[in-house]
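So the structure is just underneath, and the comments pick up after that.
All of the numbers you see were taken from the coordinates with simple rules; none came from a lab. Small disclaimer: the values here were computed from a predicted structure and weren't measured. Neighbour counts run over all protein chains shown; Cβ positions are idealised from the backbone, glycine included.
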Amino acid sequence: MPELPEVETTRLGLVPHLVGRKVRGAVVRNAALRWPVPADLSRRLRGEEVRGIRRRGKYLLIDLRRGHLLVHLGMSGRLSVVAGDSPAKKHDHVDVQLEGNQSLRLTDPRRFGAVLWLPEPAEGHALLAGLGLEPLEPAFTGKALRDRAKGRRVAVKQFLMNGRIVVGVGNIYASEALWRAKVHPLRSVARISLAAWTKLAAAVQETLEHALSKGGSTLRDFAAVDGRAGRYQKRFSVYGREGKPCPRCGTKIRALRQGQRSTFFCPKCQR
Ligand SMILES: [Zn+2]
C-alpha cells in the first residue's frame, strides 16, 4: 500500500511533468473506484491548467483554475505520465489528457483509489476537513502531539496511526518511529512526557524523511517506459523482523497483535 513517503515521492515526480500544463480532458475507462469517478470529469477538466500539486495526508491535490482534482492511490494505485496514444492495459482506469500528447494515468488493480473533482475551497471537503497534523511540516512538534493526547488513554501506536491526529503514519512507519524514539507501542499516551513526545515527533519525521530519501533516487525514472513510480527498498529496523536482532542492541525483535495489526518492537530498547 502506498504510504505517505511514496505519495510524496509521486507528488515530487509529477510536479515537473504537470505544473503549468494545459489539460485537454479525461478518459474514464472504469468509474467504479472507491467512490465513483464523476461522469462529467472530462468536461470539467477541458481547458484547465495545472497550477500546482499539493499533498494532504495521502491525498494528492492537483490545483486547477476552477477547482481541484483529488487523487488517492488506495491500496494499489500508481500514477504515471505516458504518451497520450499509449494503449491502456486492464487496470489503467483513468487518463487525464495533457497538451503535448501526454496523459497522467491512474493504474489501480484493486480499485480502492479515488479520482474526484473538488470545488473551492478544497480544504472544506469532507475527506480533508478532519485530517490531523502533517508530520513533515514544522508545526509537527512534541507539544502539538501532547496537546492532542490530553484526556486520552489510548496506546501510543494507535494514537499515531489515527488519521484525525496525524496523517499518513501507517503501521510500518509507526512501528519504525516508536523504535527510533525508544517508546513501547503499548504505552498509554497519558504516560508520555513532553520530552518523550518531542523525541517521538522527531522520530516520525526522521523515519518518513529517510523513506523519502530512498525514493528520491528513482525520481528521474518517473516517466520511464513502464511509468512505475519509485518503489522503496523495504529495509526496516523492526517492521517485519520478528526474531531478528535489533539493529541497536541485538535483542530479538518481538511481534504482538494490536488493533488487528502486527506491531514489531525491541523489548529491551522500548519499555
Ligand atoms: Zn534494541
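Packing, as the average of other Cβ atoms within 10 Å across residues, places the peptides 147-159, 97-109 in the order 97-109, 147-159, highest first.
Charges were assigned to the Cβ only: +1 to each Lys and Arg, -1 to each Asp and Glu. The resulting dipole of the chain about its Cα centre is roughly 1360 debye.
Run the dipole for region 43-93 about the Cα centre, Lys and Arg Cβ at +1, Asp and Glu Cβ at -1, nothing else charged, and hand back the magnitude in debye, nearest 20. Show your work: numbers first, answer last.
On the way: 13 positive and 5 negative charges, 51 e Å.
I would put it at about 240 debye.
Calculated mean residue ellipticity at 222 nm for the chain: -8000 deg cm²/dmol, from DSSP H runs with n ≥ 4 weighted as -39500 (n - 2.57), summed, divided by the residue count and rounded to 500. Summarised as an ellipsoid, region 45-117 has semi-axes of 19, 18, 9 Å, derived from the eigenvalues of the Cα gyration tensor scaled by 5 and square-rooted, with the largest first. With the cut-off at 20 Å, report for region 56-200 the share of all Cα pairs above it, as a whole percent. So the pairs more than 20 Å apart make up 58 percent of the total in region 56-200.
Residue separation times 0.36 nm, minus the C-alpha to C-alpha distance between R21 and S188: what's the value?
55.2 nm
Ranked by the mean number of other Cβ atoms within 10 Å per residue, highest first, peptides 4-11, 248-255 order as 4-11, 248-255. Over the chain, Cα pairs under 8 Å with separation of 6+ residues give a relative contact order of 18 percent.
Mind listing the long-range amide H neighbours of I53? Cut-off is under 5 Å, sequence gap 5 or more, other chains count too, H placed in the peptide plane at 1.01 Å from N. Residues meeting the amide H criterion: D63. The alpha carbons of region 114-185 give a radius of gyration and a Dmax of 14.0, 43 Å, in that order. For region 14-56, the C-alpha radius of gyration sits at 1.30 times the compact-globule guess of 2.2 N^0.38 Å, with N the residue count.
Our coupling estimate for region 92-100, obtained by passing each phi through the Karplus curve with A = 6.51, B = -1.76, C = 1.60 and θ = phi - 60°, is 7, 7, 9, 10, 9, 7, 9, 5, x Hz, Gly and Pro reported as x.
Placing unit charges on each Cβ (+1 for Lys and Arg, -1 for Asp and Glu) gives region 81-227 a dipole about its Cα centre, and among I172, H91, G124 the Cα reaching farthest toward its positive end belongs to I172. According to the Kirkwood relation over distinct C-alpha pairs, the hydrodynamic radius of region 1-105 is 13.9 Å. Eigen-decomposition of the gyration tensor built on the alpha-carbon atoms of the chain gives equivalent ellipsoid semi-axes of 37, 20, 15 angstrom, largest listed first.
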